[in-house]
Each structure stands twice: as C-alpha cells, then as structure tokens.
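First the structure, in the form of structure tokens, and then the observations on it.
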Amino acid sequence: MLTFRLHGTIPAAAARELQAARAQPLPAGTSHHRAQKQFFARFDAVLDRGPSGPRFFEDEKVAEVLAGEILMLAETGFVVHGFAILPNHAHLVLHLPASSGLSFAKALDLLHLRTGTACRHLLRPKLPPEAEFWQTGWLEVPLLDAAELAGALAYVHSNARAAGQPARFQAWPYLNE
C-alpha cells in the first residue's frame, strides 16, 4: 500500500514529531513490519486532519487526472487492487509482478511527474509552474498476505468516512476496487 501526498500537507512540527517517533528503537517484541504499520497510522491521521497545505483533489478535474493515471498503471503491468483519492493525499493498493520487467520506483516517479505536470496546468494561476505539487517520495507499507491485502483495501475504502470528510467524499467517484 502506498500513500502519496501533496507538497506542504504536513506542518513542519508534525513532520518532526513523526520523524522522531520513527527514529526511536523498536519496543521489545515489535516487528519492523508492525512498526511500519503503526507509523503509517500516525502519518495518515495527520493527513486526514488536513490542518495545513493544499487540498487540490477537492477539484474534480484534478482528481480525474490522478485517477486516470492510476488506472493507466494497470496497462503498464501493475496490478491495481484499489485506490482512494482524498483532498490532500491518495492511497494506492497495488503491486508489480516480477515478470513485468518494470522498475517499481521509476514507474511511481513517472506517475508523480506526469500527474504533477498535468495538475499544475489545471491549477494555474493558483499554483505557479515552479511550485512543487507532490511531496517527494511516498510512504510504502508492504502487505504480506491476503489478509493484509483485504485489510488494506477495507482501510482505503473507508478512509474518507474515517477522516471525517463530507458525505460526497464517502461516495467519491475515485474509490476503486
């Protein structure tokens, strides 16, 4: 499961707190995978509160650009299990079979580049061409088995409701299964 977020969506103080928490040694008996999932929960809670930064995906045209590009990933070899687009971030549940011959990181970097360019174009003059659209990188939580995949999909699809978004986000046309 991946989370992409818009540039500037986590206040500096919250980012420092998240990084400090991530740098702490793991408590006894806590696996690295469990720690990743706990960090994701804290990280996503900050995004869901949306205390600062842009909320560009409230604009249907901007959200359509991202949804279209995510769906195009399936044509390049990815298996897109599901995704949700929220006002300031997006969750993707996907994997890339080893047989595809593609680079996972390169494909996602290209997704960032294509969507950032197209969305900046739609957002002119609100967002100048030199402004960052995406925060660099993404947060990735590996899913180890079918049960984790099912749990991730359930989380992604309920995220708008859990984040306290208006009813129209709970019926968001870009929830995909």
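The values are calculated or read from the model by the stated rules, or taken from the named source; none is laboratory data. Note that the coordinates shown come from a computational prediction; the quantities given were computed from them, not determined experimentally. Note: ideal-geometry Cβ built from the backbone for every residue, glycine included; neighbour counts use all protein chains shown. Protein only, heavy atoms only, side chains kept; ligands, DNA and RNA dropped before computing areas. Shrake-Rupley method; radii C 1.70, N 1.55, O 1.52, S 1.80 Å.
The conditions are (1) farther than 30 Å from Gln38 by Cβ; (2) surrounded by fewer than 18 Cβ atoms within 10 Å (Cβ to Cβ), and Lys106 fails exactly one of them. Which is it?
With (1) farther than 30 Å from Gln38 by Cβ; (2) surrounded by fewer than 18 Cβ atoms within 10 Å (Cβ to Cβ) applied to Lys106, the lone miss is (1).
I'd like to check which helices (runs of 4 or more DSSP H) are fully inside the range 1-117 and have at least 2 residues that are within 14 Å of the chain's Cα centre (by Cα) and among the aliphatic types (A, V, I, L, M). Before the answer, list the steps.
Numbers: elements: 12-23, 32-49, 60-75.
Result: 32-49, 60-75.
Say we look at the range 21-42 and pick out the residues that are among the basic types (Lys, Arg) and closer than 12 Å to Pro142 by Cα; which of these is most open to solvent (accessible area, probe 1.4 Å)? Can you show your working first?
Restricting attention to the range 21-42, the residues satisfying the condition of being among the basic types (Lys, Arg) are 22, 34, 37, 42.
Those still in the list that are closer than 12 Å to Pro142 by Cα too: 34, 37.
Working: Arg34: 138, Lys37: 93 Å².
Here the answer is Arg34.
Checking Ala45 against (1) of a type in the set (Gly, Ala, Ser); (2) closer than 18 Å to Thr9 by Cβ; (3) touching a helix residue (DSSP H, G or I) at 6+ places or on another chain (Cβ under 7 Å), which single condition isn't satisfied?
(3)
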